[in-house]
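Reviewing the structure listed below.
The values are calculated or read from the model by the stated rules, or taken from the named source; none is laboratory data. Predicted, not measured: the structure shown is a model, and the values here were computed from it. Please note: Cβ atoms are built from the backbone with ideal geometry, for glycine as well, and neighbour counts cover all protein chains shown.
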Amino acid sequence: MNVRQLAFGVAFSVLIAWAGYRGRSLSRSGVVGAIIVGTLTFGLGGWTWGLLLITFFVSASVLSHYRKDDKRGLAEKFAKTSQRDLGQTLANGGWGAVLAIAYFCRPDPILFAAFVGAMAAVNADTWATELGVLSPTPPRLMTTGQKVPVGTSGGVTSLGTMAAFGGGLLIGLAALVLGQVEAIWGSGPLNGGYLWLVPIGILGGFGGSTFDSLLGATVQGIYYCSQCQKETEARIHRCGQPARHLRGWRWLNNDLVNFSSSIVGSLMAGLLGWLVF
């Protein structure tokens, strides 16, 4: 094990987590999750892996604060706020950390492609959510095409779809640049084919975010607050009142949906990586 790299991973993760906490992008438990995920990803995967994770975190944090006042009332159905907690950090970065562990045990370009897909999936989903709620046109349920209120799980818009594409593209482009830079130093995760990282990011991002919406429209646990007379993804509504189970699987909350979408995104990207590499 490269002890120096692992030490840098710990130090860098603490620094980023502290900055996230100061910027109100992370709660206290979220700081713990960010340090765990960051240390494993950076310490065992390497610079490219760690910086891709940071690319996701920074872009997601910026968008979560973008027009925050406008989104305050629109996104009240969401289970979580813009300040990520332990569950959210593990849901978004946990599978990537698992892939980093696997890559450390057996370096393989397909695992790196899968990691790019996982990061692209959570980034695309975050972009779709943060920008989709600002769409001037009402969302439509993914499964039926029926118009639904803003913030409804499984509801999609043209703006949200384009945002998902952009989120995946960003990760793909970042992987391309970072991979080539690291290759110059002679330690890149690939031996060639870096241009393929762009479509890998797009595929993983779009596939993962689409799966996220599909789960939200079908089996994700949805509740109803009788006091506010509104649907919510949380068992306890933001007003503080317990919500009644309305539909979906009770155990499938937003964190598990995000975690599942990152796995799907990584599988799709890994498949393309297998075909290429």
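Anything in the range 240-277 that is of a type in the set (A, V, I, L, M) and either surrounded by 13 or more Cβ atoms within 10 Å (Cβ to Cβ) or in contact with an Asp or Glu (Cβ under 6 Å, 6 or more places away or on another chain) (or both)? List them, or say none. Write out each step before concluding.
Taking the range 240-277 first, the residues of a type in the set (A, V, I, L, M) are 243, 246, 252, 256-257, 263-264, 267-269, 271-272, 275-276.
Scanning the range 240-277 gives ALA243, LEU252, LEU256, VAL257, ILE263, VAL264, LEU267, MET268, ALA269, LEU271, LEU272, VAL276.
Hey, any hits in the range 198-207 for a residue that's surrounded by fewer than 21 Cβ atoms within 10 Å (Cβ to Cβ), in contact (Cβ under 8 Å) with a residue 12 or more places away in the chain and either of a type outside the set (Asp, Glu) or within 21 Å of TRP95 (Cβ to Cβ) (or both)?
The initial filter retains those residues of the range 198-207 that are surrounded by fewer than 21 Cβ atoms within 10 Å (Cβ to Cβ), namely 198-199.
After this cut, where a residue has to be in contact (Cβ under 8 Å) with a residue 12 or more places away in the chain as well, the list is 198-199.
Still in the running and either of a type outside the set (Asp, Glu) or within 21 Å of TRP95 (Cβ to Cβ) (or both): 198-199.
Yes; the residues of the range 198-207 include at least one that is surrounded by fewer than 21 Cβ atoms within 10 Å (Cβ to Cβ), in contact (Cβ under 8 Å) with a residue 12 or more places away in the chain and either of a type outside the set (Asp, Glu) or within 21 Å of TRP95 (Cβ to Cβ) (or both).
So, in the range 78-93, exactly how many residues are surrounded by fewer than 23 Cβ atoms within 10 Å (Cβ to Cβ) and either at pLDDT 95 or above or not polar (S, T, N, Q) (or both)?
7
Could you say whether any residue in the range 164-180 is out of contact with any strand residue (DSSP E or B) (no Cβ under 6 Å at 6 or more places or on another chain), at pLDDT below 90 and not basic (Lys, Arg)?
yes
Within 26 Å of LEU272 (Cβ to Cβ) and surrounded by 24 or more Cβ atoms within 10 Å (Cβ to Cβ): which single residue out of ALA183, ALA175 fits that description?
None of the other options fit; the residue is ALA175.
Please name all residue pairs, on different chains or six or more residues apart, with Cβ atoms under 6 Å, provided the first residue is in the range 47-59 and is under 11 Å from ILE16 (Cβ atoms) and the second residue is at pLDDT below 95 and surrounded by fewer than 24 Cβ atoms within 10 Å (Cβ to Cβ).
Here the result reads LEU51/LEU178, each pair linking the range 47-59 to a residue that is at pLDDT below 95 and surrounded by fewer than 24 Cβ atoms within 10 Å (Cβ to Cβ).
Any residue at all in the range 33-48 that's part of a helix (DSSP H, G or I), among the small types (Gly, Ala, Ser), out of contact with any His (no Cβ under 9 Å at 6 or more places or on another chain) and modelled with pLDDT under 90?
no
Return yes when LEU252 is without any contact (Cβ under 8 Å) to a residue 40 or more places away in the chain and either assigned to a strand (DSSP E or B) or acidic (Asp, Glu) (or both) and no when it is not.
no
Can you run down the residue pairs with Cβ atoms below 7 Å, 6 or more apart or on separate chains, where the first is in the range 97-115 and at negative phi and touching a residue at least 40 places away in the same chain (Cβ under 8 Å) and the partner is of a type in the set (A, V, I, L, M) and outside any helix (DSSP H, G or I)?
As it stands, the answer is PRO109/LEU190; PHE112/LEU190, since those pairs meet every condition given.
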